[in-house]
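Asks: Can you read through this structure? Questions will come right after.
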Amino acid sequence: MKFIYELGKVPDKYLDLIGGKAYSLDLMIRELKLNVPYGYVVIASAFEDGEVCGEALSEIGSLASSLDSGVTYAVRSSALSEDGENASYAGQYETVTDVKTDSILDAVKSVVSSAASSRVKEYNENIAHGREGIAVVIQKFVSPVFAGVVFTSDPINGKDEFLIGNYVKGEGEQLVSGNANAYEFKINALKFAYEGPDEMRPFAKRLGASCSSIRNHYGVPMDIEWAVSGGRVYILQARPITTLRRYDPSTYEINGSRSGYKLLTKTNVGEIFMQPVSPITFSVLDLISEMIGLPEWLDNINGQTYMNITVMMSAIVAFGKTKEEAFRNIKDLVGNVPDGLDIPVSPFDKKVFFRKIKKLLFPKNKSKLSRKEKLRMVDELSDIARSLIDRIHEINDPVALADFWDNTLVPALNDGLASVLTACGTAMLPLFTTRKKIGEIAGGEMADRLCGGSLGVVDCMKPVLLIEDVISGRITREEYMRDCGHRCVSEMELMASRPYEDPEYLDRLIEEHKNSGADLHAMQKKQASLYEEALAEFKSKYPSKSKWIDKQLAAFVHANQFREEIRSKGVWIFCVYREFLLRAGGLLGIGDDVFMLLKDEVNEVLRGRGDDYLSCVKARRKSYDSYLDYPPFPAVILGPFDPDKWLADPSRRSDFYCPDTLSNVDASGELDSSSDADAVIKGFPGATGVVTGTVKVIKDISEISLIENGDILVTVATNIGWTLVFPKVSAVITDIGAPLSHAAIVAREFGIPAVVGCGNATTLLKTGDKVTVDGASGVVRLVAE
């Protein structure tokens with residue numbers, strides 16, 4: 001067996017035997033092409049009980065005799081748990097520097113024996129709890145003029161506008177040990193402007209570029225060791241900053257606000273994921289962020305899903321837009337943020353982004369379907385999904401199920417993704433541009449009138465509209481379940497059951513709708529007639545724009561219908577995956593514990609290679625269950641957020657959280673400028689109309705039976721599972737939302753006034769309050785009794 005490999009050329013099958021330090025060095029040489037001193041790694045299999053095995057002794061001796069005796073070497077540990085996100089092991093193991101070739105074997109033995117030291121044992125027991133085993137790195141020793149450390153983010157608060165560094169003159173071990181005073185410096189993370197001692201200035205830009213490259217590749221804040229020697233900057237080591245750890249996969253402890261100073265929002269995603277997501281669902285969402293080249297775009301705090309505004313803004317700014325222009329481009333998607341808030345922007349590597357997008361559009365296992373076949377697949381996606389589910393149910397062997405995933409489901413998913421991307425093209429663009437274009441000509445009120453009631457029947461309306469068709473006999477019960485049986489409140493959560501799994505679901509729905517007395521088809525027709533009136537009025541006032549408005553609205557209608565159709569069909573993909581997981585759980589005898597696994601672990605367990613993963617299930621389940629007990633966190637979060645400290649605060653807020661500015665921001669997300677600010681709640685105009693009525697605050701869909709006809713619904717957010725309650729209510733007010741959110745779309749089409757994205761309406765209002773909802777202006781006013 002071979003025990004030693006050159007850094008940058010370690011075979012994939014041995015990467016899990018070289019430890020975190022060697023893995024990082026190998027990656028930086030192979031993929032990032034950084035200036036790393038050349039060297040070798042002795043894999044962990046070479047050592048047993050603190051000793052070097054016989055075959056490895058001979059190989060180390062042969063390596064030493066082949067090395068250049070005119071230079072010296074550094075011999076360092078690379079423990080299997082070292083330099084990871086959970087533990088750095090900084091200074092725990094022995095390091096031997098300036099080693100001559102004839103002393104390399106003794107240095108290796110010294111490093112390996114240090115694994116048995118009391119300090120390492122104590123660190124393992126109290127901090128690391130990681131894999132046992134150690135590899136050893138042998139590298140050319142760089143005799144430094146300066147040596148130091150750079151943090152790509154502030155280790156305390158995660159802010160990353162500057163690279164923060166310090167250094168000593170001579171070897172960096174003095175810095176780690178504290179035996180020499182350090183010089184401090186900062187490098188602007190975007191422009192690499194330097195602040196610090198002049199002696200380091202000539203090397204700052206090169207160091208900054210290297211550190212940014214490492215940060216962008218890893219996608220997490222990094223702690224980087226470096227040295228300057230012979231006028232060149234060398235990278236000696238790179239590891240995640242453990243204080244900014246986002247996620248522990250072994251326990252499913254997750255807090256995305258810790259991994260950098262960023263702005264997070266629940267708008268749109270908070271409507272889709274109203275409950276904490278399971279580990280398996282989280283792993284799928286993380287994959288989506290990775291695939292589109294926006295790391296941590298779908299972020300997470302204690303299972304609650306957020307959208308990362310900072311990474312979106314950073315990408316747009318990297319392509320030359322100002323921060324103001326960037327936010328205007330995404331405001332309809334991400335909702336309101338407090339006025340005057342300086343949204344943090346981080347370094348963003350366009351090259352990495354382009355590589356991800358290229359891989360997404362042109363994957364290694366590229367779909368062999370023609371464009372025509374892809375478009376047909378989009379049309380037939382629901383039928384294809386049902387066929388795959390039937391085949392899954394027929395499999396009775398774990399290995400056969402794993403093979404079905406690899407050989408059938410993965411190719412089908414690749415084809416499905418390629419088909420959706422082909423169908424999308426630029427079809428969604430009118431969602432973000434139409435209202436603005438019309439408003440520039442005819443004003444915002446006319447834009448709202450024209451963009452409401454124009455859509456016809458979109459998929460998110462079908463669960464409630466088609467109930468009336470079942471009752472009237474226009475469609476059968478089977479046809480209803482075929483069209484709507486996959487849609488529900490938690491339809492993107494793989495752990496959540498689907499309506500088609502419940503034989504009594506439709507009976508309950510029919511009974512509830514009969515009791516409501518609503519006629520939704522009539523409501524929709526009325527709204528459509530108001531749209532026709534608005535269109536005639538526009539053409540009368542602007543006759544030269546008649547063809548233009550028809551074209552704009554046609555594109556707008558198509559974009560909305562297509563968006564909802566794709567979302568509906570996309571849910572079927574989640575249904576297929578859920579059925580695969582349910583079958584896996586049944587065949588493995590672990591039931592719904594299968595949802596405590598991560599996406600890459602399920603097949604390993606099916607093939608009998610997943611004992612390590614199964615050992616994590618209990619801890620992950622404990623974390624997941626604890627997350628279910630937390631209330632919804634604030635709709636907008638800036639900076640580090642501690643859920644337990646927030647929960648213990650009796651004056652906590654649910655609209656916006658930032659320790660630096662919290663006291664200066666009012667409930668509407670705007671600076672408090674009036675003594676009666678609590679009497680007015682502001683949000684986005686969701687659907688036009690003015691209604692005065694009585695509030696019913698509903699925090700969770702399990703409480704919707706409390707809603708009575710004519711109530712004004714006040715809730716955190718709505719999604720398709722809430723559509724069934726819309727016939728009862730006279731208006732809708734939500735904490736989370738934007739013009740493109742579910743509540744706004746459905747309310748507009750049914751003519752129900754709505755104000756969305758208010759921040760903390762569920763906190764400021766209480767059941768029984770009387771309010772006036774002005775959907776056109778996005779304002780809710782308390783009415784004095």
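Asks: For Thr718, work out the one condition from (1) open to solvent by less than 40 Å² (accessible area, probe 1.4 Å); (2) in a helix (DSSP H, G or I); (3) of a type in the set (Ser, Thr, Tyr) it doesn't fulfil.
Replies: With (1) open to solvent by less than 40 Å² (accessible area, probe 1.4 Å); (2) in a helix (DSSP H, G or I); (3) of a type in the set (Ser, Thr, Tyr) applied to Thr718, the lone miss is (2).
Asks: Sticking with this structure for a sec: Between Thr281, Thr267, which is of a type in the set (Ser, Thr, Tyr) and closer than 26 Å to Ala744 by Cα?
Replies: Being of a type in the set (Ser, Thr, Tyr) and closer than 26 Å to Ala744 by Cα holds for just one of Thr281, Thr267, which is Thr267.
Asks: If you take the residues of region 510-551 that are in a loop (DSSP other than H, G, I, E, B) and either of a type in the set (A, V, I, L, M) or more than 40 Å from the chain's Cα centre (by Cα) (or both), which of them is surrounded by the fewest Cβ atoms within 10 Å (Cβ to Cβ)?
Replies: Gly517
Asks: Of all the residues that make up region 607-634, how many are open to solvent by 10 Å² or more (accessible area, probe 1.4 Å) and either more than 23 Å from Phe595 (Cβ to Cβ) or in contact with a strand residue (DSSP E or B) (Cβ under 6 Å, 6 or more places away or on another chain) (or both)?
Replies: Number of matching residues: 1.
Asks: With the structure loaded, tell me whether Ile309 is under 11 Å from the mean Cα position of the chain (by Cα) and at pLDDT 95 or above or whether it fails that test. Working first, answer last.
Replies: Values: under 11 Å from the mean Cα position of the chain (by Cα): yes; at pLDDT 95 or above: yes.
Yes: the conditions hold for Ile309.
Asks: Among Ser346, Ser367, which is the only one that is touching a Ser or Thr at 6+ places or on another chain (Cβ under 7 Å), of a type in the set (S, T, N, Q) and buried (at least 16 other Cβ atoms within 10 Å of the Cβ)? Can you show your working first?
Replies: On the way: Ser367 fails: touching a Ser or Thr at 6+ places or on another chain (Cβ under 7 Å).
Just one listed residue meets the conditions, Ser346.
Asks: So, in region 35-67, exactly how many residues are in contact (Cβ under 8 Å) with a residue 24 or more places away in the chain and more than 23 Å from Lys13 (Cα to Cα)?
Replies: 8
Asks: Does region 312-365 hold any residues that are among the small types (Gly, Ala, Ser) and at pLDDT 85 or above, and which are they?
Replies: First, pick out the residues of region 312-365 that are among the small types (Gly, Ala, Ser): 314-315, 318, 320, 326, 335, 340, 346.
Within region 312-365, Ser314, Ala315, Ala318, Gly320, Ala326, Ser346 meet the criteria.
Asks: Could you list, in sequence order, the residues of region 442-463 that are surrounded by 15 or more Cβ atoms within 10 Å (Cβ to Cβ) and not small (Gly, Ala, Ser)? Don't jump to the end; show me each part of the working.
Replies: Taking region 442-463 first, the residues surrounded by 15 or more Cβ atoms within 10 Å (Cβ to Cβ) are 442, 444, 446-455, 458-463.
Of everything in region 442-463, those that are surrounded by 15 or more Cβ atoms within 10 Å (Cβ to Cβ) and not small (Gly, Ala, Ser) turn out to be Met446, Asp448, Arg449, Leu450, Cys451, Leu455, Val458, Asp459, Cys460, Met461, Lys462, Pro463.
Asks: Sticking with this structure for a sec: Take the residues in region 177-188 that are farther than 18 Å from Lys205 by Cβ and open to solvent by less than 80 Å² (accessible area, probe 1.4 Å), then tell me which one is modelled with the highest pLDDT.
Replies: Ranking the candidates gives Ala182 first.
Asks: Report whether or not Thr772 is part of a helix (DSSP H, G or I), among the hydroxyl-bearing types (Ser, Thr, Tyr) and open to solvent by 10 Å² or more (accessible area, probe 1.4 Å).
Replies: Spelling it out, it is not the case that Thr772 is part of a helix (DSSP H, G or I), among the hydroxyl-bearing types (Ser, Thr, Tyr) and open to solvent by 10 Å² or more (accessible area, probe 1.4 Å).
Asks: What helices (runs of 4 or more DSSP H) lie completely within region 253-356 and have 1 or more residues being free of Cβ contacts under 8 Å to residues at least 24 places away in the same chain and of a type in the set (A, V, I, L, M, F, W, C)?
Replies: In region 253-356, 279-291, 309-318, 323-334 are the helices (runs of 4 or more DSSP H) which contain 1 or more residues that are free of Cβ contacts under 8 Å to residues at least 24 places away in the same chain and of a type in the set (A, V, I, L, M, F, W, C).
Asks: Taking Arg748 and the conditions (1) over 20 Å from Leu450 (Cα atoms); (2) assigned to a helix (DSSP H, G or I); (3) open to solvent by 10 Å² or more (accessible area, probe 1.4 Å), which numbered condition does it fall short on, given that it satisfies the others?
Replies: (1)
Asks: From the list Thr434, Thr422, which residue is surrounded by 19 or more Cβ atoms within 10 Å (Cβ to Cβ), modelled with pLDDT under 80, assigned to a helix (DSSP H, G or I) and among the polar types (S, T, N, Q)?
Replies: Testing whether each residue is surrounded by 19 or more Cβ atoms within 10 Å (Cβ to Cβ), modelled with pLDDT under 80, assigned to a helix (DSSP H, G or I) and among the polar types (S, T, N, Q) leaves just Thr422.
Asks: Looking only at region 366-393, filter to residues that are outside any helix (DSSP H, G or I) and among the charged types (D, E, K, R); which one of those is modelled with the lowest pLDDT?
Replies: Here the residue is Lys366.
Asks: Just one of the numbered conditions (1) touching a helix residue (DSSP H, G or I) at 6+ places or on another chain (Cβ under 9 Å); (2) hydroxyl-bearing (Ser, Thr, Tyr); (3) surrounded by fewer than 19 Cβ atoms within 10 Å (Cβ to Cβ) is not true of Ser229; which one?
Replies: (1)
Asks: Just give me the residues in region 413-451 being more than 27 Å from Tyr531 (Cα to Cα) and either in contact (Cβ under 8 Å) with a residue 60 or more places away in the chain or of a type in the set (D, E, K, R) (or both), in sequence order.
Replies: Leu413, Asp415, Gly416, Val420, Leu421, Ala423, listed by residue number.
Asks: Would you point out which residue out of Ser654, Ser623 is touching a Phe, Trp or Tyr at 6+ places or on another chain (Cβ under 9 Å), part of a loop (DSSP other than H, G, I, E, B) and small (Gly, Ala, Ser)?
Replies: Ser654
Asks: Which ones in region 489-509 are of a type in the set (Lys, Arg) and open to solvent by 80 Å² or more (accessible area, probe 1.4 Å)?
Replies: Result: Arg508, single match.
The values are calculated or read from the model by the stated rules, or taken from the named source; none is laboratory data. Not measured: the values here are computed from a predicted model. A quick note on method: Cβ atoms are made from the backbone with ideal geometry, for glycine too, and the neighbour counts reach across all protein chains shown. Calculation scope for accessible area: heavy atoms of the full protein, side chains included, ligands and nucleic acids excluded. Shrake-Rupley method; radii C 1.70, N 1.55, O 1.52, S 1.80 Å.
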